[in-house]
1. For the range B:226-299, what is the convex hull volume of its Cα atoms per residue in Å³?
2. Evaluate the Kirkwood expression for the hydrodynamic radius of the range B:1-139, namely the inverse of the mean inverse distance over all pairs of different C-alpha atoms, and round to one decimal in Å.
3. Loop by DSSP (not H, G, I, E, B), at most 11 other beta-carbon atoms within 10 Å: where is the longest site-free stretch of chain B for trypsin sites (Lys or Arg not before Pro)?
4. Translational diffusion coefficient, Stokes-Einstein: compute it for the range B:30-110 using the Kirkwood radius over C-alpha pairs as Rh, at 20 °C and 1.002 mPa s, and state it as an integer in µm² s⁻¹.
5. Using the 10 angstrom Cβ neighbour count as an exposure proxy, how do A:148, B:67 rank, fewest first?
6. Tell me, what is the FRET efficiency for residue A:63 and residue B:89 to the nearest 0.05, using R0 = 56 angstrom and their Cβ-Cβ distance as r?
7. How do A:107-118, A:65-76 rank on mean C-beta neighbours within 10 Å, highest first?
8. Residue A:170 versus residue A:22, label points 7 Å from Cα toward the beta carbon: distance in nm?
Amino acid sequence: MRIKKAMLVFRKDWREIKRNWQVILPIIVVPIMISVFLPILLTAIPSLATTPGTPLSGFEAMIQNLPNHVQEQLAGMTEQQVMIYIMALYFFAPFFLIIPLMASSVIASDSFAGEKERKTIEALLATPISDGELFLGKMLVSFIPSMIVTSISFLVYSTVFDLLSFSIFNGTLLLPNLDWFLLIFGLAPTVALASIGLTVMISAKVKGFKEAQQISVILLIPILALVFGQATGAIIFGPIVITALIGLFVIIDLAIFRTGVKLFKREEILSKIA
Amino acid sequence: MSSVETNGLTRRFGSFMAVDHLSFEVKEGEVFGLLGPNGAGKTTTVRMLACLISSSEGSASVGGYDIGRDSLKVRQIVGILTENPSLYERLTAYENMDFFAEAYGLSDVQEKRNRIRELLEFFELYERRNNKVATFSKGMKQKLAIARALVHQPPILFLDEPTAGLDPESSKVIRDLIERLSQREKHTILLCTHHLEDAEKLCNRVMIINRGKSVIVGSPDELRDKIAGQPVLQVILKNLNQKIIEAIKDVKQVKEVDVDNSASRLIITLDDVKSVTPEVVRSIVYAGGMVLSVNTLRPSLEEAYLKLVKEE
Ligand SMILES: Nc1ncnc2c1ncn2[C@@H]1O[C@H](COP(=O)(O)OP(=O)(O)OP(=O)(O)O)[C@@H](O)[C@H]1O
Ligand SMILES: [Mg+2]
């Protein structure tokens, strides 16, 4: 496997995508809106807290169940501070695993199916770029932009949150912290790679972009549900659990990549063009 | 030595036989034509040889490499003009060439630049190199696709309808290029076409295929002889009368005389045009005929081809 050839495929695709606003706009705008919107939502919490009849008692019960190291951090905070702290640092974490999944899903669905539809795939398949290099190149095109978007979103989220919470927490800056670094630069990429690998595999098998997108959405739903359900828990349990998860996903990624390359039959792509 | 060799090469789509046990050989430096009507299986054959789709049965080697086992090597030594230009429309002409140059292993930057420039200049696209391919006309795209096929100076070229979409002038440029590539630079060229003119002018040998099957193989001249029979003699006279016709019929090797009175023209079918022509002319002159012109007529390859394809 020559990484240079995979990067060549990446550069070519990236040049094309850069010029396609229909793809670029949703990938960039939606995540950045989320990362601005979430911290602002938090400023609405104090007013919520004073509204009678909101299920805040349940919230308090949940806080009682948090592990000790979290309880320690919360000690001495006001009720408002506790709520903002928990929401911003734990409850919103899953969004930042979903951003790379969303951003990559469009590009990954397009990878082979799009070239087939636009009738550009034949010349690409005729080149002496190996199956593995092609597959990796197509994965990188989805991976690199989605990680850039995720990093920018994280930066925006931290900045907006710190700006808003600076006074509430008496001048302490809460983000970024170690948990979030591991989440954004460790767990997000490894989870994204697994989904990208599967989506590129699908894209190589189906006839067109739409079909690839539909199947990949069906496939993403259980992953999204899992991420949403478990990410908060993972980050609550701290760096060791997150690191273990990263390790697990690295293994999953390698397995998906190997299977993907093995199942990738370039001679089948043109046979099923109709 | 043969550059391309196939043995019972077959491709099915479901139960449909797109290519049906084709066996042929293309020698080094030869221009070999695959001629056939729409849907004959030309593109499918070339795709199998370029390792773009797998074969269902049979075997083939390209430049000595087996298409099944050594597909990466085959792709390296083959330049292919695909049926669709297969260009990235959002990229410029130069960016397209640049990508494929590197994909085919031109890693030296200066060498790559020179090669791309040379090709784009040859195809009169250099001025437009920074325009997106989406803005190109059909013919310009075709030329760019041919330039791409040549970028790594492949010893073996597969050209699927190279003159499709080109005006007569550009077609001639491409034909001259093909001639030059084969004669001076000894490239081996496999050419798909339903353009008889291309096949006749360019190919050393032609294989006519229909419904996936080989119908006949040979040089354009041989095909004409085989399919449409021997050439005939055409004589145009100033004066035409029955006495002259009788005199011609008396010549031993003459089989048939077709008379066109309005044009004072005779079409004479005979066994061996070359050796008998003088005798026929002499008999006409002795009978008082005044000869305006004598020439041998060959049925055109087109007539031969149409006859053959219809028969199938
Ligand atoms: N991927 C495919 N799936 C199903 N049938 C196919 C496929 N590719 C080609 N065929 C069929 O195989 C036959 C041969 O097609 P092919 O494209 O090789 O013809 P061709 O000789 O190149 O024709 P043309 O002169 O029109 O380009 C056609 O009947 C076509 O419908
Ligand atoms: Mg064709």
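1. Looking at the range B:226-299, the number lands at 81 Å³ per residue.
2. Numbers: mean 1/r = 0.0586 Å⁻¹.
Final number for the Kirkwood radius of the range B:1-139 is 17.1 Å.
3. B:70-183
4. Numbers: Rh = 14.7 Å.
Reported coefficient: 145 µm²/s.
5. Starting with the residue having the fewest Cβ neighbours, the order is A:148, B:67.
6. Efficiency, rounded to the nearest 0.05: 0.50.
7. A:107-118, A:65-76
8. About 5.6 nm separates the two model spin labels.
Rule-based calculations on the coordinates, nothing more; no lab input. Keep in mind that this is a model prediction, so the values were computed, not measured. Please note: Cβ atoms are built from the backbone with ideal geometry, for glycine as well, and neighbour counts cover all protein chains shown.
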